1. Of all the residues that make up region 37-91, how many are closer than 15 Å to VAL19 by Cα, among the charged types (D, E, K, R) and touching a residue at least 60 places away in the same chain (Cβ under 8 Å)?
2. Which of the numbered conditions does LEU34 fail, given that it passes all the others? Conditions: (1) free of Cβ contacts under 8 Å to residues at least 60 places away in the same chain; (2) open to solvent by 50 Å² or more (accessible area, probe 1.4 Å); (3) part of a helix (DSSP H, G or I).
3. Could you grab me the full set of residues in region 83-121 that are open to solvent by 50 Å² or more (accessible area, probe 1.4 Å), over 25 Å from LEU12 (Cα atoms) and in a helix (DSSP H, G or I)?
4. Restricted to region 42-82, and to residues that are within 15 Å of the chain's Cα centre (by Cα) and charged (D, E, K, R), which residue is surrounded by the fewest Cβ atoms within 10 Å (Cβ to Cβ)?
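The values are calculated or read from the model by the stated rules, or taken from the named source; none is laboratory data. This one's a predicted model, so the numbers in the text were calculated from it and none came from an experiment. Quick reminder, even Gly has a Cβ in these numbers, built from the backbone with ideal geometry, and neighbours come from all protein chains shown. Please note that ligands, DNA and RNA were not included when accessible areas were found on the heavy atoms of the full protein model with its side chains. Shrake-Rupley method; radii C 1.70, N 1.55, O 1.52, S 1.80 Å.
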Amino acid sequence: MPWKNDPEGTKLTASEWNVLTSLWESSPQTVMQLVADLNKRVGWAKSTTITTLRRMEEKGLVWVEQGARGKLYAPAVEREQAATAETHNFLDRVYQGSVGLMMSAMAKRQELSSDEVAELRAILDQIEEGK
């Protein structure tokens, strides 16, 4: 499902991630279901949830449908699409868009476990095989 805005240029706030995570896990949800989940998840008050949902609806991040028990909310953004956009934003902001620079920084600090190194090798091998 497309975003209203270009996904590469759209940055989700922490609050938007919280709402979308709840909706990705269970959808659609009523306002009261979201209020209960977000209160448990991050301690939000009802007004915070409603304000965030209104803003997200304006941005095209959630779908809203009138149900028998009130409005039903569903994500208008796929989790993978949001994660990809967030990754691009992070890489551009911190590493000038360079995956190699990021991996080099992590490797130099020995922040990669041997399992992660093996996983990266497997990914790179798959990419090579696809060429």
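1. 1
2. Single failed check for LEU34: (2).
3. Those that are open to solvent by 50 Å² or more (accessible area, probe 1.4 Å), over 25 Å from LEU12 (Cα atoms) and in a helix (DSSP H, G or I): ALA107, LYS108, SER114, ASP115, GLU116, ALA118, GLU119, LEU120, ARG121.
4. GLU80
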